[in-house]
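Asks: Okay, here's the structure, questions in a sec.
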């Protein structure tokens with residue numbers, strides 16, 4: 001009898017913990033949704049308020065930190081990456097992309113993460129790293145819809161527009 005009472009209390013405690021965890025998760029998702037609604041304009045991410053954008057980034061990361069195995073974790077990290085990119089924070093963008101690429105190999109936007117990493121590095125004029133990142137993208141996603149474009153522009157990474165035009169014209173002759 002005493003053992004049944006202890007088992008019942010343990011079960012109630014476990015269910016209470018599970019309910020609180022679900023509530024916390026659901027509360028975090030609701031807070032994120034409210035903040036997203038403030039940033040979105042007709043389904044397009046618009047960063048009007050830098051403080052709100054930084055708050056969103058923090059909320060996305062906090063969710064992924066607390067629930068790293070949740071299917072929303074890579075989605076939220078990806079959204080945080082987009083916001084950091086729109087804020088011009090390349091280093092944080094690269095960190096978030098690396099986190100996704102290292103921890104969520106089944107993420108539906110994984111190829112885009114690799115490509116975004118490469119273009120971010122190129123925009124930062126880190127050409128050797130950008131070339132390596134583009135090549136990694138091509139190695140991992142040779143049949144991606146963007147692969148042909150990447151192969152075509154790869155020889156021009158690091159060139160000025162004038163140098164690119166010169167090379168294109170020289171090749172056409």
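Asks: Only one of these is surrounded by 16 or more Cβ atoms within 10 Å (Cβ to Cβ) and modelled with pLDDT under 95: 59, 27. Name it.
Replies: So the residue among 59, 27 that is surrounded by 16 or more Cβ atoms within 10 Å (Cβ to Cβ) and modelled with pLDDT under 95 is 59.
Asks: Further, regarding this structure: Can you name the condition, by its number, that residue 87 falls short on among (1) at pLDDT 95 or above; (2) surrounded by fewer than 16 Cβ atoms within 10 Å (Cβ to Cβ); (3) in contact with a helix residue (DSSP H, G or I) (Cβ under 7 Å, 6 or more places away or on another chain); (4) closer than 20 Å to residue 56 by Cβ?
Replies: Result: residue 87 passes all but (1).
Asks: Residue by residue through the range 119-134, note down the ones that are in contact with a helix residue (DSSP H, G or I) (Cβ under 8 Å, 6 or more places away or on another chain) and without any contact (Cβ under 8 Å) to a residue 24 or more places away in the chain.
Replies: 119, 129, 133, 134
Asks: Name every residue in the range 130-147 that is in a helix (DSSP H, G or I) and exposed (fewer than 12 other Cβ atoms within 10 Å of the Cβ), in order of residue number.
Replies: Answer for the range 130-147, where residues must be in a helix (DSSP H, G or I) and exposed (fewer than 12 other Cβ atoms within 10 Å of the Cβ): just 139.
The values are calculated or read from the model by the stated rules, or taken from the named source; none is laboratory data. From a predicted model like this one, the values you see are computed outputs, not experimental measurements. Ideal geometry is used to build each Cβ from the backbone, glycine not excepted, and the neighbour counts take in all protein chains shown.
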